[in-house]
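Structure, as structure tokens:
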Amino acid sequence: MTSDSTTADTVTAADSGTWKLGDHTVHRIGFGTMRLPQTGPALVPHAVPRDREQALRVLRRAVELGVNHIDTAAFYFSPLRSANELINRALAPYSDDLLIATKVGPGRGIDGEWVEHARTPERLRAQVEQNLRQLGRDHLDLVNLRVLGEDSIAERFGALAELRRAGLIRHLGLSNVHPHQLAEARAIAPVACVQNRYGLGATPAQDELLRLCGESGIAFVPFYAIAGTGGQNGTGATEPAQVRAVAEAHRVSTAQVRLAWTLHRGPHVLAIPGTGDVAHLEDNIAAGALRLSAADLALLDRAHRA
């Protein structure tokens, strides 16, 4: 937000700026759907399903406010809700400027329990096809290969590159990767984005990967940008004094400060905060317009390095 009087009602995702992600120009504030299918903790077997109409309202409001980058996955589901199917119901037929990014690798059984990661071309193709069916599409705009560990990803990324050549995928990305895996993938096919954990308090290695992506013209899409090192558990009860001071100075929430700081890390950084609440969605989008001063950034950088 450009002034203290700016509210979520007058701010759209366009105020966050833009980046070319594959062949789409997207606003730098997007929307992540991990929390959409359920209330409470995400990605657990017996989550409480979110009210369907509430979830649909959040998705439609996001697009009304200019969000044109939505992150999802077939394994984002609760007993009665699937993020992909909610997207399909709320937003199809899809506008030409909307980019839907999904990811493959992890798998969950119909009971919600986690199963072994997909590592063969056959299982990866099956996951791609599952996303296509649920989203009601003939191709996927962007597929991120989600990785566990530091071993070679050549075979898995090569399998997705084959699906790209076959027309099922438009662009490829990586999630939860290390620099040597990024280099390995780039030798096989273009990498449009890296989706890794990142936020205030990130490690020097995470800072370095963000910098490397910027130098290479690759979008860096952080998850847990608000929660930071807290991950699924959130930031915790006590925010660093520096974050609270900046929030009070701008009369915004500490979550908005964390999002704005993340976007200030480089023009190639694209945030995808997730929520199942319209008011929280509007606050998150408003964070894309929050302009931090040099003094603000210096203060927050001290918290980052603490």
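Rule-based calculations on the coordinates, nothing more; no lab input. What you are looking at is a predicted structure, and each value in this text was computed from that prediction instead of being measured. Every residue, glycine as well, gets a Cβ built from its backbone with ideal geometry; the counts of neighbours run over all protein chains shown.
Note on the chain: with charges restricted to the Cβ of Lys and Arg (+1) and Asp and Glu (-1), its dipole about the Cα centre is near 180 debye.
Hey, fewest Cβ within 10 Å first, where do T238, T275, T120 land in order?
On the way: T238 7, T275 21, T120 11.
Going from sparsest to densest Cβ surroundings: T238, T120, T275.
Per DSSP H run of at least 4 residues, take -39500 (n - 2.57); add these up for the chain, divide by its residues and hand me the 222 nm value, nearest 500 deg cm²/dmol. Roughly -11000 deg cm²/dmol at 222 nm, from the helical runs in the chain.
In square nanometres and to one decimal, what's the mean projected area of the convex hull around the Cα atoms of the range 178-306?
Numbers: hull surface 33.0 nm².
Projected over every direction and averaged, the Cα hull of the range 178-306 covers 8.3 nm².
Here the contact order of the chain, divided by its residue count and restricted to Cα pairs under 8 Å and six or more residues apart, works out to 21 percent.
Charged neighbours of A92, selected by a Cβ distance under 12 Å, balance to +2 (K, R count +1; D, E count -1). Estimated from the Cβ-Cβ distance and a Förster radius of 35 angstrom, the FRET efficiency linking L297 and D23 is about 0.60. How fast does the chain diffuse by Stokes-Einstein, in µm²/s, taking the Kirkwood radius from C-alpha pairs at 37 °C and 0.692 mPa s? It diffuses with D of about 169 µm²/s by this estimate.
Considering only P106, A62, A279, the residue lying farthest towards the positive end of the dipole of the chain is P106, judged by Cα position with unit charges set on Cβ. One decimal place: the segment E53-T39 gains 3.7 nm when fully extended, by the rule 0.36 nm per residue minus the C-alpha distance. Dividing the Cα radius of gyration of the range 116-244 by its Kirkwood radius returns 1.03 for Rg/Rh. In terms of surrounding Cβ atoms within a 10 Å radius of their Cβ, S293, S216, S253 rank from fewest to most as S293, S216, S253.
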